[in-house]
Amino acid sequence: MPLVIKSTKTRRSLILDLEGGSIFEFPLTVTRLRSFYEGDEIDLAELESLKSKALEIQADDLLARKIGLKPRTLGESRKILKEYGYSEEVTVRIVERFVERRILDDYRLGSDLVKSILKERPAGRMYLLSALLRRMISREMAEEILEEIMSDVDETEMAIRLLKKRWSSLKTFDLETARHKGYNHLARRSLSYEASKAAFERLAAEEPNFHSG
């Protein structure tokens, strides 16, 4: 087995100069697994195993930092690791560990996202579905999330809430122009035609004095 001639730490790596002129470079996280000293005998198979383990620790640290800055979905986590050059094999193992530790939970994150959007400003099913898909949540899970949350949501009431924010402006137009603008405004939040119509007619019935324009 070759001997360690010298070990050098850089900002991100540990470099071993081995007897015979070969050089072995690890992620610096290898120092959590063992120490290396000049004169140590090293088994090359052990070095490869340590390098693999150190790489996974590095990937784990990276994903933990990213999730600490902003909650991530499984798809976003995979994308991050791949963008940093980790293999498919390492990526799959790390993401699975975060799921097992309940750090990654697409259903919980997706549900929180939908509730947050609805609290801030009403939106229809297609708008919400698009928001979930952009976060790389699977369509099947996104549909399940929306089925659970939207079953208790009155879309007409949401449409009324949105229209009320624009009503002072809308009522300065004639009725048909106001209706057209109101429907377009609600369509941008993916509210259905039926809900938009019901909401507009309910508010219009309380506002007989539209601009004659």
- Task: Check Ser111 against each of (1) touching a residue at least 60 places away in the same chain (Cβ under 8 Å); (2) under 15 Å from the mean Cα position of the chain (by Cα) and name the one condition it does not meet.
- Result: (1)
- Top-ranked residue in segment 34-52 [being touching a residue at least 24 places away in the same chain (Cβ under 8 Å) and in contact with a helix residue (DSSP H, G or I) (Cβ under 8 Å, 6 or more places away or on another chain); ranked as nearest to Glu89 (Cα to Cα)]: Lys51
- Restricted to segment 103-125 and to residues being at pLDDT 95 or above and not in a helix (DSSP H, G or I), the residue farthest from Glu56 (Cα to Cα) is Asp105
- Tell me which residues, restricted to segment 34-62, are outside any loop (DSSP other than H, G, I, E, B) and either hydroxyl-bearing (Ser, Thr, Tyr) or closer than 15 Å to Thr8 by Cα (or both). Ser49, Ser52
- Task: Can you tell me which residue within segment 37-56, out of those that are over 18 Å from Ser7 (Cβ atoms) and either aromatic (Phe, Trp, Tyr) or surrounded by fewer than 17 Cβ atoms within 10 Å (Cβ to Cβ) (or both), is nearest to the chain's Cα centre (by Cα)?
- Result: Ser52
- So which pairs qualify, if the first residue must be in segment 128-146 and in a helix (DSSP H, G or I), the second must be among the polar types (S, T, N, Q) and at pLDDT below 95, the Cβ gap must be under 8 Å, and the two must be at least 6 apart or on different chains? Leu128/Ser190; Ser130/Ser190
- Look through Leu62, Leu18, Leu55, Leu28 and report the one residue that is without any contact (Cβ under 8 Å) to a residue 40 or more places away in the chain, within 30 Å of Leu113 (Cα to Cα), in the same structural domain as Thr91 (by TED's automatic domain parsing) and out of contact with any Asp or Glu (no Cβ under 9 Å at 6 or more places or on another chain). Leu62
- Filter segment 167-183 for residues that are charged (D, E, K, R) and either outside the structural domain of Tyr193 (by TED's automatic domain parsing) or modelled with pLDDT of 90 or more (or both); the one that is surrounded by the most Cβ atoms within 10 Å (Cβ to Cβ) is Arg179
- Query: Mind checking which residues of segment 83-102 are outside any helix (DSSP H, G or I) and surrounded by 12 or more Cβ atoms within 10 Å (Cβ to Cβ)?
  - Reply: Tyr84, Tyr86, Ser87
- Out of (1) surrounded by 13 or more Cβ atoms within 10 Å (Cβ to Cβ); (2) of a type outside the set (A, V, I, L, M, F, W, C); (3) in a loop (DSSP other than H, G, I, E, B); (4) modelled with pLDDT under 95, the one Thr31 does not meet is (3)
- Say whether the condition of being crowded, with 17+ Cβ neighbours inside 10 Å, within 28 Å of Lys79 (Cβ to Cβ) and touching a Ser or Thr at 6+ places or on another chain (Cβ under 8 Å) is met by at least one residue in segment 144-161. yes
- Among the residues of segment 114-124, is there at least one that is of a type in the set (Asp, Glu), closer than 30 Å to Ala159 by Cβ and without any contact (Cβ under 8 Å) to a residue 24 or more places away in the chain? yes
- Task: Search segment 72-94 for residues that are in contact (Cβ under 8 Å) with a residue 40 or more places away in the chain and under 20 Å from Gly110 (Cβ atoms) and pair each with any residue that is among the basic types (Lys, Arg) and surrounded by 15 or more Cβ atoms within 10 Å (Cβ to Cβ) when their beta-carbon atoms are under 7 Å apart and the residues are at least 6 apart or on different chains.
- Result: Thr73/Arg135; Glu76/Arg135
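The values are calculated or read from the model by the stated rules, or taken from the named source; none is laboratory data. Keep in mind that what you see is a predicted model, and the values were worked out from it rather than measured. Using ideal geometry, Cβ is built from the backbone for each residue, glycine included, and neighbour counts are taken over all protein chains shown.
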